[in-house]
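Encoded as structure tokens, the structure appears first; notes follow it.
The values are calculated or read from the model by the stated rules, or taken from the named source; none is laboratory data. These figures come from a predicted structure and were not determined experimentally. Here Cβ is always computed from backbone atoms with ideal geometry, including for glycine, and neighbour counts include all displayed protein chains.
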Amino acid sequence: MVLTNREKTIIITSHLVSLYSEMIEEGKIPQNQSVIDFLMKTIPKEYKPDISIDLIDDVFMFISSRPMELS
């Protein structure tokens, strides 16, 4: 089975949201940089057309509501 670009975008977004949280905790990125700014600066160009605020919000809400299940 081959993943679609949307599925790949969701996976990358999920990873970047987790990375953002870790980097904020470690002080590696400024506190005033939003997760959306971080994602838009970090996500590979080929996945930018598939990303949206709604997708970022859905992924962020999913991850933050299940921290123990996903550990």
| query | In the range 33-50, which residues are in a loop (DSSP other than H, G, I, E, B), surrounded by 13 or more Cβ atoms within 10 Å (Cβ to Cβ) and either free of Cβ contacts under 8 Å to residues at least 24 places away in the same chain or touching a Ser or Thr at 6+ places or on another chain (Cβ under 6 Å) (or both)? | reply | Gln33
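Residue-wise test of (1) in contact with a helix residue (DSSP H, G or I) (Cβ under 6 Å, 6 or more places away or on another chain); (2) at pLDDT 90 or above.
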residue: Val2; (1), (2): no, yes
residue: Ser21; (1), (2): no, no
residue: Glu26; (1), (2): no, yes
residue: Ile29; (1), (2): yes, yes
residue: Val35; (1), (2): yes, no
residue: Tyr47; (1), (2): yes, yes
residue: Leu55; (1), (2): no, yes
residue: Ile63; (1), (2): yes, no
residue: Met68; (1), (2): no, no
